[in-house]
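Accompanying notes for the structure given below.
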Amino acid sequence: MQKRGPVHHGAPISTQNTPATPQKPPPPPKPEAISVVQARSPFKFVTAQHQADSATHLTPDLIPQKGVVGITDLQNLAPNVTIQSENGGATTNFYIRGVGMQDLTQNNTQSVMTYVDDVVYPLSTMASGMMFDLAGVDINPGPVGTEHGQADTGGEVMIRTADPTSTWHGGVMEDIASYARSRTDMFISGPITKNLSFRLAAQTMHGGGWQTNPYNNQRLGDADEGAIRGKIKWTPDDKTTVMITGHWMQDDSEVVTGRPAIDSLYGHADRDLLGNGMPYKEAEWDIRPQFAKMIGRSASLQPSEHNTMWGADVKFTRNLGFAEFKSISAYETEREGEYTDADATALGSGDTYRNITANSFSQEVQLRNIKRDSRFQWLVGMHYNRVRSEQQMWFDFTDYVPKRGYISLTSFGQNQQTFDQFAHLSYRFPHHVTLFGGINHEADDRQLVHLATTHFASGTIYQPTTQQEIFQNSGSATNQFSGVIGVQWQATKDFMAYFKISKGFKPGGFTANNTVVQAQLEPMKPETVLDYEVGFKADLIPNRFRLNASAFYYDYHDQQILGYYVVPSYGPLGRYINVPKSQIWGIEFTAQIHPFTNVYVTQNLGYERGEYQKFQSVNLSATNAQYASTGAWSPVYMSYNNTDSGIPKLTLNGTADYRRKAFGNRYTWEVGVDWMYRGQQAMIPGGLNTYGYHLPAYFLLGAHATFKPTKGPWTVSVYATNLLNRDYYTTGGMATTTYFWIPGTPRFVGGRFGFQY
């Protein structure tokens, strides 16, 4: 067949150089029509509005603006969340919706797990000093473990740090506040080669001590902390990503010490040894020279940390075509030396020093569907975690006579390994209805080994010779399933509702500090939570009013709490026990409101109630009262059936900001206030109705203002926390016969200057 040339219609085309026929000019173009599909929302986390959970998502800009200095400050930004320091030190206790655990010795699995860049931190102290150069924080309540990591009962705190960038960026932020507190953050990020980039970030914090000792006017609470983090990102091809992260942190900060609320031995509450009332910023502490010598520290040692944390991880991600493969290998270490004056007095009746050397190795692999718009979504994976730790717990009881009068040392080792397998599936049916479900199987094995307690000779009649007790090794092995099943309905593009039932599981463990009898080492049972939850996420007025809400009911079995064991010749000692049956129910609301052009309001509300339904235990207040009248220790038991478990019933926190442009839109300024309220919290079962055995409720108010170029590298802010200078207490504890409260910070006024390019 002969190939045809182009066909021309109309007049023939001349190839000669003849003049062109004059043409009419083309009509002028019509004005370009711009169609706006959707205005930019003033609210962030649009994708999260379509997820069936009640997580709180925090942006990296919000965290410093709201005065977050450490991880415990996150409790002021989410509903039904409590994050407290143990005895004022670096150990952190997490509670979400009333599910959590007080664990001084860190030898048990937390009810709320902490992750940094998807790496599990099984010991809470490991997360100290990590709150810098952040990409965001997610706080997820309820049983988890079917999509990553380990199973647990309370939820998780997910800290995400900033990744390397393909273009050059850098910045520095300096924060100076009251009591000579200074904080410096800096980072630099950019490419090394075409497929290789890096990020290096660091933080240092100093000063801020505001407590004073009425006996010698020493100041306490100065920070002395530094941390550095480095990341390298390699993308050898468009299907593979390798991320290598390393970090190091040194913390030699002083810690805030407690104030006695109840002392059944010396009979004072919020008073010094002379019976005089102490101003809020005053507290007592002291260290005996012989105690300092035995622990190998200076005789001028103040309550403080001496902690070193470092770790590294490698993340490998590969697009396999049909699925995405992900591997996370991590190694974390902890070296902690912590001195706290736990009796909250200048006496040597409960001073505590801890030596902890621990490491954690974890390995996780995942395989998940790569087609994120597919109706059928699936994920499978495995997680392994191994922890090794050696601990020494020193106690100074030289002034606690005639019952003790000696220095005590309890030392032990613990070996633990946990293996999880998990899967999560979902299918989207017509009419935007999605069914989802997940399952987790966890096997946990741990041994408490070489535990011994030594009471050193004091040279007095109370302890004439050194005595040592060596205890039998203890073991705990658990093997259980947990999971979730639920349904969500995307009724409109702006409204989603869901219902789910999930079961959480946490393995058993041991009491290890200050052991004097074998009965203290009896393992506690695993705990389980059956959660029923319903909720919705709605942009009720798009770009103006967003409201997310949920309601939940927890059927709680074998809840693990810190109870008491009374030794007739010794007194009350802490021991972990199980509550056979309890319940927690509550509601949560998060509202974001943009009523006017320049006004932005956020309000979180959490209300929860907890109740022991079946529980009998030692009543410590009655036991202490009996000792005060008889001089003899014997346990007084009480039924706590249908007793309020004492979790904070109401938590409120929110912000209100006014933002606008100035000077011809070249600059932006913002002013705002933030607030938070936390209801009272019991420190022991039934403690809500007895002074000293619960933390009082409190309300805090803050303010901030920021000025920066609309398109520019710098920003200037001023702020105030605890603007009303309220007296309040963030946590509490117990040593010997003293119950103490840890006071919160007074008013801090400061300023920040930041520069980024």
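The values are calculated or read from the model by the stated rules, or taken from the named source; none is laboratory data. Please read all numbers here as calculations on a predicted model, not as lab measurements. When we count neighbours, we look across all protein chains shown, and the Cβ atoms used for this are built from the backbone with ideal geometry, even at glycine. For the accessible areas, the whole protein counts, side chains as well, though only heavy atoms, and no ligand, DNA or RNA atoms are used. Shrake-Rupley method; radii C 1.70, N 1.55, O 1.52, S 1.80 Å.
Report the local net charge at Gln250: Lys and Arg +1, Asp and Glu -1, summed over other residues whose C-beta lies under 9 Å from its C-beta.
Values: positive: none; negative: Asp224, Glu225, Asp251, Asp252.
Combined, the nearby Lys, Arg, Asp and Glu give -4.
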Identified option (computed Rg and Dmax of the Cα atoms in Å; candidates (1) 26.2, 91; (2) 26.8, 84; (3) 29.8, 129): (3)
Karplus (6.51, -1.76, 1.60) ³J(HN,Hα), θ = phi - 60°, over region 206-214, in Hz, Gly and Pro reported as x: 9, x, x, x, 10, 7, 10, 9, x
Using alpha carbons only: equivalent-ellipsoid semi-axes of region 326-479, gyration tensor based, whole Å: 51, 17, 14
Nearby aspartates and glutamates by direct alpha-carbon distance to Lys525 (threshold 20 angstrom, same-chain neighbours under 8 apart not counted): Asp103, Asp152, Asp420, Glu442, Asp444, Asp445, Asp555, Asp558, Glu611
Nonlocal Lys pairs with alpha-carbon distance under 28 Å, region 290-418 (8 or more apart, or different chains): 4
Degrees, to the nearest 10: 620-630 long Cα axis against longest axis of the chain: 10 degrees
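Please state, to two decimals, what the Cα-based radius of gyration of region 509-625 comes to when divided by 2.2 N^0.38 Å (N = residues). Before the final figure, lay out the partial values.
Numbers: Rg = 21.9 Å, N = 117, 2.2 N^0.38 = 13.4 Å.
So the Cα radius of gyration is 1.63 times the expected 2.2 N^0.38 Å.
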Table column - 3J(HN,Hα) (Hz), region 328-339, Karplus curve with 6.51, -1.76, 1.60, x for Gly and Pro: 10, 10, 9, 9, 10, 10, 9, 10, 10, x, 10, 10
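Which FRET efficiency value, to the nearest 0.05, do you get for Ala491 and Ile461 by plugging their Cβ-Cβ distance into 1/(1 + (r/R0)^6) with R0 = 60 Å? Walk me through the numbers before you get to the answer.
Working: r = 78 Å, r/R0 = 1.30.
Efficiency computed from Cβ-Cβ geometry: 0.15.
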Over region 497-577, equivalent-ellipsoid semi-axes from the Cα gyration tensor in Å: 44, 14, 9
Within the accessible area of the chain (1.4 Å probe), percent carbon and sulfur: 58 percent
Hits among lysines - C-alpha to C-alpha of Lys493 under 18 Å, sequence gap 8 or more where chains match: Lys44, Lys537
Sparse-neighbour loop sites [chymotrypsin sites (Phe, Trp or Tyr not before Pro); region 317-405; at most 14 other C-beta within 10 Å; DSSP]: Phe322
Residue-span extension gain [Arg375 to Ala628] - 0.36 nm each, minus C-alpha spacing: 84.3 nm
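Evaluated at 25 °C with a viscosity of 0.890 mPa s, what Stokes-Einstein diffusion coefficient in µm²/s does region 400-440 have when Rh comes from the Kirkwood expression over alpha-carbon pairs?
Details: Rh = 16.3 Å.
This corresponds to a translational diffusion coefficient of 150 µm²/s.
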Cα convex hull volume per residue for region 172-269 (Å³): 155 Å³
Asn195 paired with Val517, simple spin-label distance in nm, labels 7 Å along Cα-to-beta-carbon: 6.6 nm
Segment Lys281-Arg544, extension gain: residue separation times 0.36 nm, minus the distance between their alpha carbons: 90.3 nm
Long-range amide H partners of Asn80 with built H, under 5 Å: Gly606, Thr651
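Averaging over every viewing direction, what projected area does the convex hull of the Cα atoms of region 561-626 cover, in nm²?
7.7 nm²
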Cα centroid of region 155-194 to Cα centroid of region 575-622, whole Å: 33 Å
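Please work out the FRET efficiency for the pair Phe536 and Thr212, using the Cβ-Cβ distance as r and a Förster radius of 56 Å; give the result to the nearest 0.05. It would help to have the intermediate numbers written out before the result.
Numbers: r = 51 Å, r/R0 = 0.90.
Efficiency, from the Cβ-Cβ distance: 0.65.
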Low-density loop positions, trypsin sites (Lys or Arg not before Pro), region 276-335 - DSSP coil, at most 12 other Cβ in 10 Å: none
HN-Hα J in Hz across region 506-516 - Karplus 6.51, -1.76, 1.60, θ = phi - 60°, x for Gly and Pro: 9, x, x, x, 10, 8, 10, 8, 6, 8, 10
Rg and Dmax of region 624-667, Cα atoms only, in Å: 27.8, 79
Region 653-691: chymotrypsin sites (Phe, Trp or Tyr not before Pro) falling in loop per DSSP and having at most 16 other Cβ within 10 Å: Phe663, Tyr691
Heavy-atom accessible area per residue - region 602-658, 1.4 Å, Å²: 42 Å²
Using a Förster distance of 35 Å, the FRET efficiency for Arg660-Arg726 (Cβ separation, nearest 0.05): 0.70
Region 648-747: radius of gyration over Cα atoms, expressed as a fraction of 2.2 N^0.38 Å: 1.55
Inter-site label distance for His431 and Leu650 at 7 Å from Cα along Cβ, in nm: 4.1 nm
Order of exposure, largest accessible area first, which applies to Thr643, Thr82 with probe 1.4 Å: Thr643, Thr82
Cα gyration tensor, region 694-737 - rounded (a/c under 1.5), prolate or oblate: prolate
Net charge of neighbours whose Cβ lies under 12 Å from the Cβ of Gly606, counting Lys and Arg as +1 and Asp and Glu as -1: +2
